[in-house]
Amino acid sequence: MAIATGRNLSNRLFGPAEFKDQKQDYTDVPSAVFSHPEVGSNGITEAAAKEQYGEDNVKIYTSKFVAMYYAMLQEKAPTAYKLVCVGKDEKVVGLHIVGTDSSEILQGFGVAVRMGATKADFDNVVALCPTSAEELVTMGYTGSAARDFSGLGYRYLIN
């Protein structure tokens, strides 16, 4: 974000006249915390979606698993993904992930969210297996009872 904002400011101050009114768009900007595990987010939260679109118009998809990276290791760091979808077409308005390489995964899927991808668009992608990112294109619907991530210690981050 800092690079994009700096570029826009530079263009407005020193660039051609066509850039004088250029503004930075802060919607659907992917962000990550480079912690262990990494945390990434793009779009709005489940709570914000319910407030903006109404609870009946929001559908949540989640997945929690241990990444293949840890299959042969004693450490079993959990991973959790969440898609926030709205409307009958299930437009993806939020994508929240916790786990190894979250920032790398989110960078690519940020394009999809920015372009207005739907859950059907995600479902129509052939999963690259075995990867953690494949979970985002193979997720099934999960009711609220199945979305308790408290055992992972991530409840605050993705609920």
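Quick rundown of the values:
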{"quantity": "Zone residues, segment 74-97, relative to A120, backbone N less than 15 Å from point 7 Å out along Cα-to-Cβ", "calculated": "86-92"}
{"quantity": "Sites F34 and E134, calculated FRET efficiency, Cβ-Cβ separation with R0 30 Å, nearest 0.05", "calculated": "0.85"}
{"quantity": "Computed magnitude of the charge dipole of the chain (debye, nearest 20; Cβ of K, R +1, Cβ of D, E -1)", "calculated": "240"}
{"quantity": "Cα-based Rg and Dmax for the chain, where Dmax is the largest Cα-Cα distance (Å)", "calculated": "17.4, 59"}
{"quantity": "Residue order, fewest to most beta carbons within 10 Å, for H36, H96", "calculated": "H36, H96"}
{"quantity": "Within straight-line cross-link reach of K64, aspartates and glutamates at Cα separation under 20 Å, skipping those fewer than 8 residues along the same chain", "calculated": "E38, E46, E75, D101, E104, D123, E134, E135, D148"}
{"quantity": "Within the chain, helix-based [θ] at 222 nm, where runs of 4 or more DSSP H residues each add -39,500 (n - 2.57), nearest 500", "calculated": "-7500 deg cm²/dmol"}
{"quantity": "Sites M72 and E104, calculated FRET efficiency, Cβ-Cβ separation with R0 25 Å, nearest 0.05", "calculated": "0.70"}
{"quantity": "Pair D89, N57: separation of 7 Å Cα→Cβ label points (nm)", "calculated": "1.3"}
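Every read-out reported here was derived from the displayed coordinates using simple, explicitly stated rules and does not represent laboratory data. All values derive from a computational prediction rather than experimental measurement. Cβ sites come from the backbone with ideal geometry, for glycine too, and all protein chains shown count toward neighbours.
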